[in-house]
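Trainee: First, the structure itself, so that you have it in front of you.
All of the numbers you see were taken from the coordinates with simple rules; none came from a lab. Given the structure is predicted, the values throughout are model-derived calculations rather than measurements. Positions of Cβ are backbone-derived with ideal geometry, glycine not excepted, and every protein chain shown enters the neighbour counts.
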């Protein structure tokens, strides 16, 4: 699906389940997310991670509502626990359906968000490996001076910020010298369209969600 | 009519600082190959960035006008300006916003609003001209500096700019890539009538190629065009200053090794050093030379665990990749090529205090440090921010900071860059003293070879992916 449409759909679903308390809706969302992730051949590890990372908050909220809230509702404890997993798997669904580049390109072309934002983000993503190697150099340099810098050391943070400021300056100059003007019109080698079936899927998903939320299912 | 005109241009980084360029009038003709030279740190980059319209947009304050094709460059939007003036930067890794060469070219052409159906042909032509078709879809992080500068040329060709500015473009690249780039640039001038200005302090190979030589005078903050006589003198003087090698000893086989290489290979996609086997002796002063981009710094990175390698690389009989970084750093330390990587605090006094606090022995006392600061011409700068020192001052401070640490083995990556001859002698004397009196091991990369043979014990040379000891330096 087109990343912009998918993003809007995911956000819509996420917001709507925040205001309702139907366990089945959460479970179905998780199931659909898993199906989509299977279709995109997500690695096994990503399912494990999606199950483990929300485990502590999910269990925590289940116990606090079940035993320490005024109502001590079992139903509501399950609503909250499954909701946390529903959020996590919606994130998984989106992540495996698209890439950062595709999402940003779609946001630029379909959602018309400012190009400065789009290419700023893209530039920042491409700087990640560089930041990693810079942190490695700073830590090595400190070790040679007899200091062990941990990732929370203010000195490491300060040095990283100095380096990042320098890079952002260079990146801005590089983009300008390659003809980039903030928010000026651009052409696109790959034009990203929104196929008609995307709208159909979106409408069906939203209608389906309402059907579940307002059905006798709990 | 000249292609580029500067009319009474004055530029300051800060209004409180002295100007970098003052009341500059200058003209460059269309379809010419121009070389701009002068000592490093005088303002060659600044001048190019002014012509490219990057300054004062990004930094500083300027008065006067700069025109290209009679249009003031500051008034043009970036997409128009990029088609008129393109720039290649000194540091190749910092001029790309995208992940791969092809995407960078597409990004550029999209900015120029080239129609989608014309894009692929233009991208492919540019890739072919710059000889980068083979790695168009590889990530920039896997490309060597020379390959990245070729990509930069491809972007310039895709932009089809009339004026091409190059800021020390060959500082980090190997001789083959340099020769290829110079040939292609000459083609752009002769065949496509482009105007080229290269800023370079290294004049080798340029004499037959260029039409005009411009000289930056740092004292007067002005550039002037050299007439035929002056240009000839400059090139002759440069040739003369080329180093005359002096004989130097070869290491004897029985010396105990500090580092042992055995089938050692290091590099990115293609190896820089291939299957090297030799010893680097302990307690000696060894100088490592080799052309730009051949892998000298990469060898140092491997020696301090910042770079992975294959084969064997041992320090005092132990495999370096298996050593604990923290422990090992107490024995082998590096003076980084990028001074900014060395500094951990803000002022000169703080940096020295930090080294004093963690020094391994008490060989360096406050009075010895004060005397050395004076001999390095760094006295009285206690409260200066280290980043605001000149390049040469940064280098001298770096060397001192690491000497105070008193680490047994010191690797130095280009510590003599930007140093005048007197300072270079002082630094070399300090290193010699560390070797002779304190029995340290020193391994130093340098391009600046004048008088180095008076201080060094051995000369290690890197050429064609191989390391070997030379009998002259």
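Trainee: For chain A, set up a Gaussian network in which alpha carbons nearer than 10 Å are linked by springs, and say which option among A:111, A:71, A:42 fluctuates the most.
Mentor: For chain A, modelled as a Gaussian network with Cα springs under 10 Å, the answer is A:71.
Trainee: If you don't mind, there's one more thing I want to ask. Shielding of A:163-171 by partners, i.e. mean partner chain Cβ atoms within 10 Å per residue? Provide the component values of the computation, followed by the final result.
Mentor: Working: counts 3, 0, 0, 3, 2, 0, 3, 6, 4.
Taking the mean over all residues of the peptide, I get 2.
Trainee: Go ahead and set up a Gaussian network model of chain A, Cα springs under 10 Å, then flag whichever of A:61, A:147, A:23 fluctuates most.
Mentor: Per the Cα network of chain A with a 10 Å cutoff, A:147 tops the list.
Trainee: Going by how many other Cβ atoms sit within 10 Å of their own, how do B:134, B:29, B:200 line up, fewest first?
Mentor: Values: B:134 9, B:29 13, B:200 20.
Lowest to highest Cβ neighbour count: B:134, B:29, B:200.
Trainee: Residues of the range B:435-473 with amide nitrogen under 12 Å from the 7 Å Cα-to-Cβ point of residue B:204?
Mentor: It comes to B:447-449, nothing else.
Trainee: Under the classification rounded if a/c is under 1.5, otherwise prolate if a/b is larger than b/c and oblate if not, where does chain A fall, given a ≥ b ≥ c as square roots of the Cα gyration tensor eigenvalues? Walk me through the numbers on the way to the answer.
Mentor: Details: a/c = 2.75, a/b = 1.35, b/c = 2.04.
Oblate is the answer for chain A, as a/c is 1.5 or above yet b/c matches or exceeds a/b.
Trainee: Label-point separation (nm) for residue A:169 and residue A:136, each offset 7 Å from Cα along Cα-to-Cβ?
Mentor: 2.6
Trainee: Now for a different question. Report the Cα centroid-to-centroid distance between the range B:248-314 and the range B:1-45 in angstrom, as an integer.
Mentor: 42
Trainee: Then there's this: Which order do B:9, A:48 fall in if you start with the one that has the fewest other Cβ atoms within 10 Å? Please report the intermediate quantities before stating the final value.
Mentor: Numbers: B:9 22, A:48 10.
So the residues, fewest neighbours to most, are A:48, B:9.
Trainee: Same structure, new question: Mind checking the mean number of beta-carbon atoms from other chains within 10 Å of the Cβ atoms in B:113-126? Could the numbers behind the result be given before it?
Mentor: Working: counts 6, 4, 2, 5, 2, 2, 4, 1, 0, 0, 1, 0, 0, 0.
Whole-number average of other-chain Cβ neighbours for B:113-126 is 2.
Trainee: Just report the Cα centroid separation between the range B:420-452 and the range B:54-128, whole Å.
Mentor: 43
Trainee: Same structure again: Give the percent of DSSP beta bridges with both residues in chain B that are antiparallel, rounded to the nearest 5.
Mentor: Values: 39 of 74 bridges.
Given both bridge residues lie in chain B, the antiparallel proportion sits at roughly 55 percent.
Trainee: Of the candidates A:49, A:132, A:41, which one comes out as most mobile in a Gaussian network treatment of chain A with C-alpha springs shorter than 10 Å?
Mentor: A:132
Trainee: Now, a different point. Quick check: residue separation of residue A:214 and residue A:198 times 0.36 nm, minus the Cα distance between them. What number comes out in nm? Walk me through the numbers before you get to the answer.
Mentor: Details: separation 16, 0.36 × 16 = 5.76 nm, distance 2.43 nm.
Result for the pair: 3.3 nm of gain on full extension.
Trainee: Continuing with the same structure: With a Cα-only, solvent-free Debye model of chain B, what are the log10 I(q)/I(0) values at q = 0.12 Å⁻¹?
Mentor: So the normalised log intensities are -1.17.
Trainee: Taking beta carbons within 10 Å but only from partner chains, what does the mean come to for residues B:326-335? Provide the component values of the computation, followed by the final result.
Mentor: Numbers: counts 7, 1, 3, 10, 3, 1, 1, 6, 4, 1.
Averaged over the peptide's residues, the number is 4.
Trainee: Could you line up B:214, B:192 from fewest to most neighbouring Cβ atoms inside 10 Å?
Mentor: B:192, B:214
Trainee: Then there's this: When DSSP assigns beta bridges and you keep just the ones with both residues in the protein assembly as shown, what percent turn out antiparallel, to the nearest 5? Each step should come with its number before you reach the end.
Mentor: Numbers: 39 of 74 bridges.
Expressed as a percentage, antiparallel bridges in the protein assembly as shown total about 55.
Trainee: How many angstrom lie between the Cα centre of the range A:38-76 and the Cα centre of the range A:126-192?
Mentor: 36
Trainee: If the convex hull of the alpha-carbon atoms of the protein assembly as shown is projected onto planes in all directions, what is the mean projected area in square nanometres? Provide the component values of the computation, followed by the final result.
Mentor: Values: hull surface 146.7 nm².
The directionally averaged projection comes out at 36.7 nm².
Trainee: Here's a follow-up. Work out how much length residue B:211 to residue B:176 would gain on full extension: take 0.36 nm times their residue separation and subtract the Cα-Cα distance, in nm to one decimal.
Mentor: Working: separation 35, 0.36 × 35 = 12.60 nm, distance 2.31 nm.
Result for the pair: 10.3 nm of gain on full extension.
Trainee: Compute the label zone of residue A:20 within the range A:181-218: residues whose backbone N is under 11 Å from the point 7 Å along Cα-to-Cβ.
Mentor: Inside the label zone: A:206-218.
Trainee: What order, most packed first, do the peptides B:401-409, B:244-252 have when packing is the mean number of other Cβ atoms within 10 Å of each residue? The partial results should precede the final answer.
Mentor: Details: B:401-409: 22.1, B:244-252: 12.4.
Ranking, from highest mean packing down: B:401-409, B:244-252.
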